[in-house]
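Student: Here's a structure for you.
Derivation of every value follows stated rules applied to the coordinates shown; laboratory data play no part. Because the structure is a prediction, the values reported are computed rather than measured. Neighbour counts run over all protein chains shown; Cβ positions are idealised from the backbone, glycine included.
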Amino acid sequence: MMPAGAAAGDGAGFDFVLLPRHGRRPLGFQGRLLARLEAAPPDLPVASSVTLHEAASGGFVCAIRHRLRDAAGAEERCYALAAGDAPTLLRFLHGHDPMADLPPAALVPQAAAAGASRAALAEAASIAPRLRAVWRDLLAASFGPLAHPDHDPGASASRRPAPRGEP
């Protein structure tokens, strides 16, 4: 709700926000936070969050962060998109693959070592589908299922192809 006398677009209640983006320039805009969602399952090494902002210029801005909890230096991957409408943001969120840019060696360091144990290799192989399921559950619980059942999951937010051997 806007204060009395404030007009939409006059900047009332909006702050400058700068969102990091993996491999790209940060996205800066005047906006205000509408929602923050987080998922950090204790059995996975990745904590994910989504923030949704209203842009002062109109439309929305969405940010995704995946942080490797046990990595030295708190390794994270960040994505952000400005869109004029909610369907565009929902396609961005539902098309995003949380595994696209996360380094496998950081997910399960023991699996990256030469002569890794079968247990470490099995754990590494099990992370991708579990992380993707947590991501889908977070989005479905927060935004509902994607409205278009024929959505093409290949249009990922990272603009990078899925790793070979991954669904």
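Student: Using only the Cα atoms of the range 17-143, what semi-axes does the equivalent ellipsoid have when each is the square root of 5 times a gyration tensor eigenvalue? Give whole Å, largest first.
Tutor: Gyration-tensor ellipsoid for the range 17-143: 30, 15, 11 Å.
Student: Sticking with this structure for a sec: Give me Arg118, Arg32 sorted ascending by neighbouring Cβ count inside 10 Å, so fewest comes first.
Tutor: Arg118, Arg32
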